[in-house]
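A.B. asks: Pasting a structure here, questions to come.
Just so it is clear, none of the values below were taken in a lab; they were calculated from the coordinates. None of the values given here were measured: they were computed from a predicted structure. Cβ placement follows ideal geometry from the backbone for every residue including glycine, while neighbour counts extend to all protein chains displayed.
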Amino acid sequence: MPYSLTYNPQKYEEVEKYLSHLSEIEEGKALVIQTSSQEELDKLTWLFYDYLHLIGATSLYSIKKVFYNLCIGKKKPSLSNLVNATPKTLTQEVDDILQTLIASPAPRKKIIELVESRNYSWTSLGLLLLEYSRVMGE
C-alpha cells in the first residue's frame with residue numbers, strides 16, 4: 001500500500017493521541033504502545049510509518065514490534081538524517097568548518113579550538129571529524 005501524500009485527520013485518529021509524545025522521546029528511550037492483537041499492532045505500525053513518511057521524519061525515528069508492543073524510538077543523529085532535517089543550515093555550517101580545516105596549516109589546533117569553544121555537541125564534532133577524515137583520506 002503506498003504512503004499518503006496528504007494529511008487526513010480521520011485516518012490518523014488512532015495515532016493522534018501518541019503524536020505529542022513523539023517529540024518528547026529522549027535518545028536511547030522509546031515510546032511503548034501496547035496492543036491487544038497482531039492485527040492492531042500491524043495497523044498502528046503502518047499508520048506510524050505512513051505519518052512519519054508524510055511529515056518527512058522517517059530517518060529520525062525507529063519503529064520496532066516486540067510481541068504485541070509497538071516501540072518507537074529516536075535514532076542517533078548521523079550526517080544523513082541531520083542534513084535531511086535542516087538542509088541549508090547544517091550543510092552550510094559543515095562545509096564552512098571543513099573548508100577552514102582543509103585550508104588551515106594547523107588543522108589539529110583548529111579542531112582543539114572547536115572542542116574548547118563548546119559551541120558544538122560531541123556528536124556534531126564526531127560527525128565533522130568523520131567527514132574531515134573521509135575528505136582528507138586519513
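A.B. asks: For every other residue with a beta carbon closer than 14 angstrom to the beta carbon of residue 13, add +1 if it is Lys or Arg and -1 if Asp or Glu, then tell me the sum.
C.D. replies: -1
A.B. asks: Among residues other than residue 120 whose Cβ falls under 14 Å from its Cβ, what is the net charge (Lys/Arg +1, Asp/Glu -1)? Show your work: numbers first, answer last.
C.D. replies: On the way: positive: 110, 118; negative: 93, 96, 113, 116, 131.
Once positives and negatives cancel, what remains is -3.
A.B. asks: Can you sort 115, 66 from fewest to most other Cβ atoms within 10 Å of each residue's own Cβ?
C.D. replies: Details: 115 13, 66 10.
The order, fewest Cβ neighbours first, is 66, 115.
A.B. asks: Could you line up 46, 122 from fewest to most neighbouring Cβ atoms inside 10 Å?
C.D. replies: Numbers: 46 14, 122 8.
Ranking 46, 122 by Cβ neighbours within 10 Å, fewest first, gives 122, 46.
A.B. asks: How big is the charge dipole of the chain about its Cα centre, in debye rounded to the nearest 20, if each Lys and Arg gets +1 on its Cβ and each Asp and Glu gets -1 on its Cβ?
C.D. replies: Values: 15 positive and 17 negative charges, 70 e Å.
With only Lys, Arg, Asp and Glu charged at Cβ, the dipole is about 340 debye.
A.B. asks: Using θ = phi - 60° and the Karplus form 6.51 cos²θ - 1.76 cosθ + 1.60, what ³J(HN,Hα) does each residue of the stretch 41-50 get, whole Hz, x for Gly and Pro?
C.D. replies: Per residue, the Karplus-derived 3J(HN,Hα) values read 4, 4, 5, 4, 4, 5, 4, 5, 4, 4 Hz.
A.B. asks: So for the stretch 1-60, taking the charge dipole from beta-carbon charges (+1 Lys/Arg, -1 Asp/Glu), which of 37, 15, 55 sits furthest toward the positive end?
C.D. replies: 55
A.B. asks: If we count other beta carbons within 10 Å of each Cβ, what is the order of 11, 17, 74, fewest first? If you can, show how the numbers build up before the last one.
C.D. replies: Details: 11 15, 17 9, 74 19.
Starting with the residue having the fewest Cβ neighbours, the order is 17, 11, 74.
A.B. asks: Decide, for the chain, between rounded, prolate and oblate: order the square roots of the alpha carbon gyration tensor eigenvalues as a ≥ b ≥ c, take rounded if a/c falls under 1.5, and otherwise choose prolate if a/b is larger than b/c, else oblate.
C.D. replies: On the way: a/c = 3.26, a/b = 2.55, b/c = 1.28.
It is prolate, given that a/c is not under 1.5 and a/b is the larger ratio.
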